[in-house]
1. Is there a residue being touching a residue at least 60 places away in the same chain (Cβ under 8 Å), open to solvent by 20 Å² or more (accessible area, probe 1.4 Å) and either of a type in the set (Phe, Trp, Tyr) or assigned to a strand (DSSP E or B) (or both) anywhere in region 216-226?
2. Are there any pairs, at least 6 apart or on different chains, whose C-beta atoms fall under 6 Å, with the first in region 171-185 and at positive phi and the second in a helix (DSSP H, G or I), and if so, which?
3. For residues that are within 19 Å of the chain's Cα centre (by Cα) and open to solvent by 30 Å² or more (accessible area, probe 1.4 Å), tally how many sit in region 85-104.
4. If you go through region 255-275, how many residues are more than 14 Å from Leu140 (Cβ to Cβ), charged (D, E, K, R) and either free of Cβ contacts under 8 Å to residues at least 60 places away in the same chain or open to solvent by less than 60 Å² (accessible area, probe 1.4 Å) (or both)?
5. Only one of (1) farther than 21 Å from Gly211 by Cβ; (2) surrounded by fewer than 18 Cβ atoms within 10 Å (Cβ to Cβ) is not met by Ala160, so which one is it?
6. Being assigned to a strand (DSSP E or B) and farther than 29 Å from Asp309 by Cβ: is that true of Lys150 here?
7. If only one of Asp230, Asp309, Asp304 is exposed (fewer than 11 other Cβ atoms within 10 Å of the Cβ) and in contact (Cβ under 8 Å) with a residue 60 or more places away in the chain, which one is it?
8. Determine whether region 315-335 contains at least one residue that is farther than 30 Å from Tyr177 by Cβ and open to solvent by less than 40 Å² (accessible area, probe 1.4 Å).
Amino acid sequence: MKKLNLAIIGQGRSGRDIHGVYCRSERNVYYNVKYVVDFDERRRKQAMDLYPGCEVFSDYKELFGKNDVDLVVNASFSYMHFEITKELLEHGKNVLVEKPFARNTYECETLINTAKKNGVVLAVFQNTQLAPFYLDALRLVKNGTLGDVKQVSIRYNALARRWDWQTLQKCMGGSAYNTGPHPIAMGLGFLDFDKNSKVVYSKLDTCLTSGDAEDYVKILLTAPNKPLVDIEMNSIDAFSDYNVKIQGSKGTLKSTPKHYELKYIVDGENPEKPVQEHFLEDENGNPLYCVEKLKVHEESGDYDGTAFDVGTAGIYENLYYAITEGRELAVPLFHSAMTINVVEAAHAANPLDVKF
């Protein structure tokens, strides 16, 4: 198998600690890190040790004239994603851009059209879309184990505080853009990425952040004949013990990226009781509370892998074959564009004061 030459823009928490970790792992049998770009000299020197034989640049434009680049990973700052990705596409480069895809729907559509015009592959790094806990939840919904799903609750909460660039609106920071692509894309997935999906309620606010971008997010999504999706991302919830909870007519799934608990009933094991309009009473005529002990099934277990290992490897493997064989993307671009549309709608409905 011929490896593809990879260029990574950015050696921050994503470029080095997610993409770089994958590239240096045994899971990577598809790529050779040929070039690394970072404005910081210390990080460039570190990259030469991390990826022996690579060339380093301080400016991503140095990649434009390189004909041996098969894929560029854009792990720059969020507010740079659109401009850098667009230029790379215009110079004929295949691009994997970190989340968030872009600032708004217009920018997403511009990038999609630019990729088509130049005949190159564009993908968005939303590795949670291939995470085992999310795919298992989708499976349980689709196979009917939980019955008719009424509500999906997604929580990315903690009691925590930030003070870096991700807390600044001018840097396209805030929980909706930073964390949001994960739970919002999952939420849309439980709605089958129905194009009639809509935001029925949203609230953005600031709590513990040192900046002016939101660290409290509440979004309710739904679509015709689909469940209600309740999404939270906030910095003041010290007791959130799940990331996904699905409530259906036959049971409930509660899961984190590493563990799940499932409780459900099976058709035929709890025969329906006829409605009784009269009050309930025992054999002595004393009133009874309307309650019964249902026969339920319970399961629990651990997932094999997370978004950061299995999900990341899945994105890169799929992208290899999308480039070499023309396969469809595992995370379609319109999924990522729909995700940004939700973020855009929430920001439009909840403008925050710009302080920096």
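The values are calculated or read from the model by the stated rules, or taken from the named source; none is laboratory data. The structure presented is a predicted model; accordingly, all values stated were derived computationally and were not measured. With ideal geometry, Cβ positions are generated from the backbone for all residues, glycine too; neighbour counts draw on all protein chains shown. We work out accessible area using only protein heavy atoms, side chains counted, and drop any ligands, DNA or RNA first. Shrake-Rupley method; radii C 1.70, N 1.55, O 1.52, S 1.80 Å.
1. No, region 216-226 has no match at all.
2. Met172/Ser78; Met172/Tyr79
3. Result for region 85-104: 3.
4. Total meeting the criteria: 4.
5. Ala160 satisfies all of (1) farther than 21 Å from Gly211 by Cβ; (2) surrounded by fewer than 18 Cβ atoms within 10 Å (Cβ to Cβ) except (1).
6. yes
7. Values: Asp230 fails: exposed (fewer than 11 other Cβ atoms within 10 Å of the Cβ); Asp309 fails: exposed (fewer than 11 other Cβ atoms within 10 Å of the Cβ).
The match here is Asp304.
8. Scanning region 315-335 turns up no residue that is farther than 30 Å from Tyr177 by Cβ and open to solvent by less than 40 Å² (accessible area, probe 1.4 Å).
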